[in-house]
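Some notes on the structure that comes next.
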């Protein structure tokens, strides 16, 4: 059976070449890792707060971590969940360079390099704000297809890049969790990679995917992916892809509306 890459995804893959993306995003996690965190343009005061929100509402229960490098390893200084106001307060941070990250159910709310100096300047900030989950793709149903994308297997390297193969991921364990409620659901993908959670309420969900191996026996790291179910969405199903890094593509997990499914 032949598999073709959908046109919207093909265009985005060619445009999103890793080297160009990292070069154009000075605050990307690749460019702003703990070891690339000095010097940082963001200055914070020694006492500051972190606030996480979703749809302009405070989001409690988000894990905020503060780390720094001692030159040989990354040291975790703080790991704390946001309170009912969606905030945490961090006090008496000594001068130095730091890395701040926040996530909920494995979905990042944001990351930031920053530094603290002994005598704060006028531009030192008192608060860092992150928005969580506001750009989740929307579909009408919690259903779709789970695939592994790899380079083509022909004799021409260029042909292999432009003709990737999409193999279904079967027998994967999938679970849904609603971050804004206590709802949870589970299912598995069939032999063709299709899955469905049946009728579930509209809302925001974190999809957890756990698969033992790809069709060719390769290993797959578990993933947490965010999407929204909305009866008013233009597309019906989801396309969930675990791609190899090849031909300038970054690889990794992605989730988006399935542009090949019917309206």
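Could you say whether any residue in segment 111-124 is modelled with pLDDT of 90 or more and at positive phi? The answer is no; no qualifying residue exists.
Here residue 88 clears all of (1) farther than 30 Å from residue 207 by Cβ; (2) in contact with a strand residue (DSSP E or B) (Cβ under 9 Å, 6 or more places away or on another chain) except the condition numbered (1). Scanning segment 202-215 for residues that are at pLDDT below 90 and either surrounded by fewer than 20 Cβ atoms within 10 Å (Cβ to Cβ) or in a strand (DSSP E or B) (or both) yields 212, 213, 214, 215.
Among the residues making up segment 175-201, a single one is in a loop (DSSP other than H, G, I, E, B), at pLDDT 90 or above and under 20 Å from the mean Cα position of the chain (by Cα): 178. Contact map, segment 142-158: first residue on the phi > 0 side of the Ramachandran plot, second residue outside any strand (DSSP E or B) and at pLDDT below 95, Cβ cut-off under 7 Å, separation 6 or more or different chains; pairs are 144/237; 144/258. Given the structure, is residue 220 out of contact with any helix residue (DSSP H, G or I) (no Cβ under 7 Å at 6 or more places or on another chain) and in a loop (DSSP other than H, G, I, E, B)? It is true that residue 220 is out of contact with any helix residue (DSSP H, G or I) (no Cβ under 7 Å at 6 or more places or on another chain) and in a loop (DSSP other than H, G, I, E, B). Here residue 245 clears all of (1) modelled with pLDDT of 85 or more; (2) in contact with a strand residue (DSSP E or B) (Cβ under 8 Å, 6 or more places away or on another chain); (3) in a loop (DSSP other than H, G, I, E, B) except the condition numbered (1). Identification of strands (runs of 3 or more DSSP E) wholly contained in segment 61-174 with 2 or more residues that are over 20 Å from the mean Cα position of the chain (by Cα) yields 63-69, 74-81, 87-90, 96-104, 107-116, 125-131, 165-168.
In segment 70-92, the condition of being crowded, with 18+ Cβ neighbours inside 10 Å and either in contact (Cβ under 8 Å) with a residue 40 or more places away in the chain or under 30 Å from residue 239 (Cα atoms) (or both) is met by at least one residue.
The values are calculated or read from the model by the stated rules, or taken from the named source; none is laboratory data. Since the model is a prediction, treat every value here as computed from it, not as a measurement. Note: ideal-geometry Cβ built from the backbone for every residue, glycine included; neighbour counts use all protein chains shown.
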